[in-house]
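> Structure in structure tokens, see below.
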Amino acid sequence: LRAMTQLGLPPEQCVMVGDTTADLLAAQAAGIRAVAVLCGFGRRRELEEADLRLDSTAELTHWL
């Protein structure tokens, strides 16, 4: 939320990239899309609620 405010961006122009359910919850609480990367601590079944799931952060360039 702080970064969005400082950059002057609305939630619809932001994403949260994370690898845990806590990251997904933070994205939901901020009203932004959640991108789960499966190369970290989280497991695929734990991250099903993400708007997008990627095998690695390198794949982000194809989606942003």
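The values are calculated or read from the model by the stated rules, or taken from the named source; none is laboratory data. Keep in mind that this is a model prediction, so the values were computed, not measured. Don't worry about glycine lacking a Cβ; one is built from the backbone with ideal geometry, like all the others, and counts go over all protein chains shown. Ligands, DNA and RNA are excluded from the accessible area calculation, which covers all protein heavy atoms including side chains. Shrake-Rupley method; radii C 1.70, N 1.55, O 1.52, S 1.80 Å.
> What accessible surface, in Å², does a 1.4 Å probe find on Leu7, ignoring ligands, DNA and RNA and rounding to the nearest 10?
Here the residue's solvent-accessible area equals roughly 120 Å².
> Carbon and sulfur atoms: what percent of the 1.4 Å accessible area of region 6-58 do they account for?
Carbon and sulfur atoms account for 49 percent of the accessible area of region 6-58.
> Can you give the accessible area per residue of the chain, in Å², using a 1.4 Å probe?
Result: 71 Å² per residue.
> Helix 21-30 versus the longest principal axis of the chain: what angle, 0 to 90°, nearest 10, using Cα atoms?
Taking the Cα atoms of the chain, the angle to 21-30 is about 20 degrees.
> Return the loop-located trypsin sites (Lys or Arg not before Pro) in region 1-60 (DSSP other than H, G, I, E, B) with at most 15 other Cβ atoms within 10 Å of their own Cβ; answer none if there are none. List each step's numbers first, then the result.
Numbers: sites: Arg2, Arg33, Arg43, Arg44, Arg45, Arg53; in loops: Arg43.
When the trypsin sites (Lys or Arg not before Pro) of region 1-60 are filtered for loop state and at most 15 Cβ neighbours within 10 Å, Arg43 remain.
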